[in-house]
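Quick notes on the structure that follows.
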Amino acid sequence: MLTFLPISFTSGLSASVEINSDKYPAPDWVLKAIFRGPSSFELTSDPSGSIHILSATATASASWLAGVYAVSLRAYSGDDVFELESGQCTILADISAAPVGHDARNHAQKTLAAIEAVLESRASKDQESYSINGRSLVRTPIAELLSLRATYKKEVAKASGFGRGTKILGRKIKVRM
């Protein structure tokens, strides 16, 4: 779990993180954030009084490939090296580099659309399975597709933030007229 570093950065944008460590103060210590994943890079701190500043220009971050990275934040002083924290960090793709026609939907949105397309095409078909000349086709039962659809609808709604703020004082109030 990361506490000093954010859980995500966006490639192609400037990044800056200030870290204040009483145990490893600047300028006596230098911090390095080591990223390993789809690409490999490191951020080295610059001192600002006793505070460490890890930063990257937009030009430097443009080379970061999108994906999930293992990250280790380490303090260096002479031959001493200590790890302050480690975890995972996501590098998000730079939207300005996305091609025309880029599908910005997340996994849940794409999967929900695929399930709904299957349900729509199945509306006119009544067989769940059949065989012709020794070859067989078995379709996913509609009840299972409906269950998957409900699951992915919830996931899409959760990711979209729908339903937030609908509760007053933490509880639903139902009214019948």
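Derivation of every value follows stated rules applied to the coordinates shown; laboratory data play no part. Computed from a predicted model, the values in this text were never measured in an experiment. Every residue, glycine among them, receives a Cβ derived from its backbone with ideal geometry; neighbour counts consider all protein chains shown.
Order these by the 10 Å Cβ neighbour count, fewest first: 91, 34, 51. Please report the intermediate quantities before stating the final value.
Details: 91 23, 34 17, 51 14.
With the fewest neighbours first, 91, 34, 51 line up as 51, 34, 91.
Take every Cα pair under 8 Å in the chain that's 6+ residues apart, average their separations, divide by the length, and report that relative contact order as a whole percent.
Working: 261 pairs, mean separation 34.2, N = 177.
Worked out over the chain, it gives 19 percent.
State to the nearest 20 debye the size of the charge dipole of the chain about its Cα centre, where the only charges are +1 on K and R beta carbons and -1 on D and E beta carbons. Kindly include the intermediate steps, with their values, before the conclusion.
Working: 20 positive and 17 negative charges, 324 e Å.
So the dipole magnitude of the chain works out to roughly 1560 debye.
Measure nothing but the geometry: give the 0 to 90° angle between the long axis through the Cα atoms of 142-160 and the longest principal axis through the Cα atoms of the chain, rounded to 10°.
Result, in degrees: 30.
How charged is the neighbourhood of residue 61? Take every other residue with its Cβ under 15 Å from the Cβ of residue 61, and add Lys/Arg as +1 and Asp/Glu as -1. Spell out each step's value before the answer.
On the way: positive: none; negative: 42, 94.
Spelling it out: positives minus negatives among the neighbours equals -2.
Just for the Cα atoms in the chain, what are the lengths along the principal axes, largest first, rounded to whole Å?
74, 58, 32
Mind putting a number on the dipole of segment 103-160 about its Cα centre? Charges go on the C-beta only, +1 for Lys and Arg and -1 for Asp and Glu, and I need it in Debye to the nearest 20. Please report the intermediate quantities before stating the final value.
On the way: 10 positive and 7 negative charges, 26 e Å.
Dipole about the Cα centre, nearest 20: 120 debye.
Calculate the all-directions average of the projected area of segment 103-160's alpha-carbon convex hull, and give it in nm².
Numbers: hull surface 19.8 nm².
Taking the Cα atoms of segment 103-160, their convex hull projects to 5.0 nm² on average.
Among 137, 121, 160, whose Cα projects farthest towards the positive end of the dipole of segment 103-160, with charges put on the beta-carbon of Lys, Arg (+1) and Asp, Glu (-1)?
The one lying farthest along the dipole's positive direction is 160.
Full-extension gain between residue 96 and residue 159, please, as 0.36 nm times their residue separation minus the C-alpha to C-alpha distance.
Numbers: separation 63, 0.36 × 63 = 22.68 nm, distance 2.26 nm.
That pair, residue 96 and residue 159, stretches by 20.4 nm at full extension.
Applying 1/(1 + (r/R0)^6) with R0 = 45 Å to the Cβ-Cβ distance of residue 36 and residue 139, what FRET efficiency is obtained, to the nearest 0.05?
Numbers: r = 43 Å, r/R0 = 0.96.
Efficiency computed from Cβ-Cβ geometry: 0.55.
Counting C-alpha atoms alone, how compact is segment 8-94: give Rg to one decimal and Dmax as a whole number, in angstrom.
Computed over the Cα atoms of segment 8-94, radius of gyration and Dmax are 12.9, 37 Å.
Please report the relative contact order for segment 7-82, taking Cα pairs under 8 Å with a sequence separation of at least 6, and give it as a percent rounded to a whole number. Write down the numbers at each step before the final one.
Numbers: 154 pairs, mean separation 30.4, N = 76.
With pairs under 8 Å counted, the relative contact order is 40 percent.
Give me 64, 29 sorted ascending by neighbouring Cβ count inside 10 Å, so fewest comes first. Display every interim value, and only then the final one.
Details: 64 25, 29 21.
Ordered from fewest to most neighbouring Cβ atoms within 10 Å, 64, 29 come out as 29, 64.
Ranked by Cβ crowding within 10 angstrom, fewest neighbours first, how are 151, 57 ordered? Could the numbers behind the result be given before it?
Working: 151 14, 57 11.
Sorted ascending by nearby Cβ count, the order is 57, 151.
Local charge sum around residue 109 (other residues, Cβ-Cβ under 12 Å, Lys/Arg +1, Asp/Glu -1)? Please report the intermediate quantities before stating the final value.
Details: positive: 105, 110, 153, 158; negative: 103, 116, 155.
Local charge sum for residue 109: +1.
Under a point spin-label approximation (7 Å from Cα along Cα-to-Cβ), what is the residue 131-residue 119 distance to one decimal in nm?
3.2 nm
Tell me which of 43, 98, 147 sits at the most positive position along the dipole axis of the chain, charges placed on C-beta atoms (Lys, Arg +1; Asp, Glu -1).
So the residue we want is 147.
For residue 83 and residue 50 in one chain, what is 0.36 nm times their gap in residues minus the Cα-Cα distance, to one decimal in nm? Write out the running numbers ahead of the final one.
Details: separation 33, 0.36 × 33 = 11.88 nm, distance 1.82 nm.
Here the answer is 10.1 nm.
Would you calculate the separation in nanometres between label points at residue 151 and residue 1, each defined as 7 Å from the Cα along the Cα-to-beta-carbon direction?
If labels sit at residue 151 and residue 1, their model points lie 2.7 nm apart.
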